[in-house]
1. Give, as residue ranges, the helices (runs of 4 or more DSSP H) completely inside the stretch 426-503 that count at least 1 residues that are over 16 Å from the mean Cα position of the chain (by Cα).
2. Scan ALA245, ALA249 and give me the residue that is small (Gly, Ala, Ser), in the same structural domain as LYS186 (by TED's automatic domain parsing) and farther than 19 Å from PRO148 by Cα.
3. Would you list the helices (runs of 4 or more DSSP H) that sit entirely within the stretch 135-211 and hold 1 or more residues that are touching a residue at least 60 places away in the same chain (Cβ under 8 Å)?
4. Can you give me the number of residues within the stretch 64-91 that are farther than 18 Å from MET460 by Cβ and aliphatic (A, V, I, L, M)?
5. Which strands (runs of 3 or more DSSP E) sit wholly inside the stretch 280-336 and have at least 1 residues that are touching a Ser or Thr at 6+ places or on another chain (Cβ under 9 Å) and closer than 16 Å to ARG348 by Cβ?
6. Pick from ALA431, ALA438: which is surrounded by fewer than 22 Cβ atoms within 10 Å (Cβ to Cβ), of a type in the set (Gly, Ala, Ser) and closer than 17 Å to VAL598 by Cβ?
7. With respect to PRO24, determine if the residue is surrounded by fewer than 16 Cβ atoms within 10 Å (Cβ to Cβ), over 27 Å from LEU97 (Cβ atoms) and not assigned by TED's automatic domain parsing to the domain that holds MET252.
8. Looking only at the stretch 363-378, count how many residues are touching a Pro at 6+ places or on another chain (Cβ under 6 Å) and either surrounded by 23 or more Cβ atoms within 10 Å (Cβ to Cβ) or within 10 Å of VAL332 (Cα to Cα) (or both).
Amino acid sequence: MPRRYIATDCGSTTTKAIMVEKKPEGWRLVARGEAPTTVEKPFEDVTIGVRNAIRELEEITGIRLLDENGNIIKMEEPTEKEGTNLYVSTSSAGGGLQMLVVGVVKNMTAESAARAALGAGAIVMEVISVDDGRKPYEKVELIRKLRPDMILLAGGVEGGTVKHVVELAELIAAADPKPRFGSTYKMPVIYAGNSAAREEIKRILGDKVALYIVDNIRPTLDTENLHPAREKIHDLFLEHVMQQAPGYAKLMEMVDAPIVPTPGAVGMLIERVARKEQIEVLGVDIGGATTDVFSVFRNSEGELVFNRTVSANLGMSYSISNVMVEAGIENVLRWVPFKISISDLKNRIRNKMIRPTTIPMTIESLIIEQAIAREALRLSLEQHKMFATELKGVQKGGDIARAIGGEEEQTLVNMMSLDLVIGSGGVLSHAPRRVQSALMMLDAFQPEGITRLAVDSIFMMPHLGVISTVDEEAAWEVFDRDCLIRLGTAIAPKVVAKEGKPILKAKVEYEDGRTEHVDLRFGQILRLDLPLGSKAKVYLEPARGVDVGAGRGRKMVAEVEGGVVGLIFDGRGRPIQIPQDEHERVRKLFEWFESLQVYPKLEKLAKYGVAA
């Protein structure tokens, strides 16, 4: 008898369902269905969209999954034509989980609290701290205005001062905040600070809010304890936020495991990949309104550390004009391989914002959209780097005045030691050619040395993340076989040199015994065919001052994996050198895109001023 699981992801616009089954060769994806999310009027019941998505699975597979009353048919032993073992779900409908973080020191306890909230799958609306430069009345007004789903309050190491965190609690009490959903219950507030202040916090907030106390997020300056706060955030998400959203009480009765916020589920999966393979991973999910970046990098002790950030105003439809403003139109223009006026480029971007659901219909509009995607991804990674750091405040005295003036810390994000980049979201998962996805990630993230590239085939990472909470083996096998599309491997020497200067000699030994030699010059990008499932041994001999992972000028040997794109040698420098002169820029981009065969019929762009 087959073993079968169903998972849904209730997004803000679409509910996506997948069915996975245990086959003789292991767990595989069987079908995927989707339907509009029904959280808003006139339906106001999320389970309608869930059932519609599952009905699509029924139509595709011919397997009966819902009974006459619309209940999911669950069986210990499903038959070939009926039933499932279990049903699980994630959700970001209704705008996901929105939180306000309040902490004593902006770049210490407040940052640790933000890490806890982001790791639980929340969108952090605002961070308020003693040293954020706002006056007390401004903080009270802000707390009142935001209407988050819940508040996380943290501050003070164990045995330290309680004065500052008590002041923050008084601000929350004065604001008397109201939650976003439901006027019938009190605002949930989680206190995760100095335990010596607990009684005082209870006295100030006990009657005004629904107060929950967990272990201190930052018990000492050099330790972080995020797990208890994350667990409580997740519990309250289910108890309070989900209960208020239309139809979620019914959905919670349908599922066989707790509902997980969509970004939290993606984060779970990326963290599991890194820990299972003991590698450093960077994952990105670029949507219409926001871009989530997930990373697992080693800290100075060699431990793998998970981080997540949300760039709430960097997206490809609703937020596309914000990308243009934050990046600067010149930075978007530098990825466009034809001559176009700045006013024309701006108008095309604004048109996308006005009509967010449209997709590019011409080669020019596709190139422009992917140029903006590069900048959205680049900016999101920059924001992520600032957040993913070693603990701030370590090796300082406990004096708050000294901590407030803390210096900048080194980011954990190391592009040279990075092993794998996973891209997700429409612009990456649904690019017309896979090489376009590979090049967007190379251009935006600029990994150094040897890095594998992959994309999520049909955006099922949230589903597999929540399945992993009940069956890790099933989630991993489907992720490995059906979710991840391996694009290949990029070899990018870290160097800045003169155009045309030799920077790397490479010998590639294929599994069939063939060898190929590459002489890479600065400013070049080359692609070799290395099919999916195959490997090759590369012997790399960098020029003096050039680093490919072993140190400047040092030779190295490595095994590389193939993929649908193959093996890319990226000699464009780090950071990538794009000519300032318009004619030179167009020529150079045209050369790179032609070399990798990124766009079909690129010569048609000659009318824009490119010499074809």
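1. Helices (runs of 4 or more DSSP H) meeting the threshold: 434-445, 461-467, 472-478.
2. Checking each option against the conditions leaves just ALA249.
3. Where helices (runs of 4 or more DSSP H) fall fully within the stretch 135-211 and carry at least 1 residues being touching a residue at least 60 places away in the same chain (Cβ under 8 Å), they are 163-175.
4. Residues in the stretch 64-91 being farther than 18 Å from MET460 by Cβ and aliphatic (A, V, I, L, M): 4 in total.
5. In the stretch 280-336, no matching strands (runs of 3 or more DSSP E) lie anywhere.
6. Criteria check complete, one pass: ALA431.
7. Yes; evaluated as a whole, the condition is true for this residue.
8. The number of residues fulfilling the criteria is 1.
The values are calculated or read from the model by the stated rules, or taken from the named source; none is laboratory data. All figures in this text were calculated on a predicted structure; none of them were measured in a lab. Cβ atoms come from the backbone with ideal geometry, glycine included; neighbour counts cover every protein chain shown.
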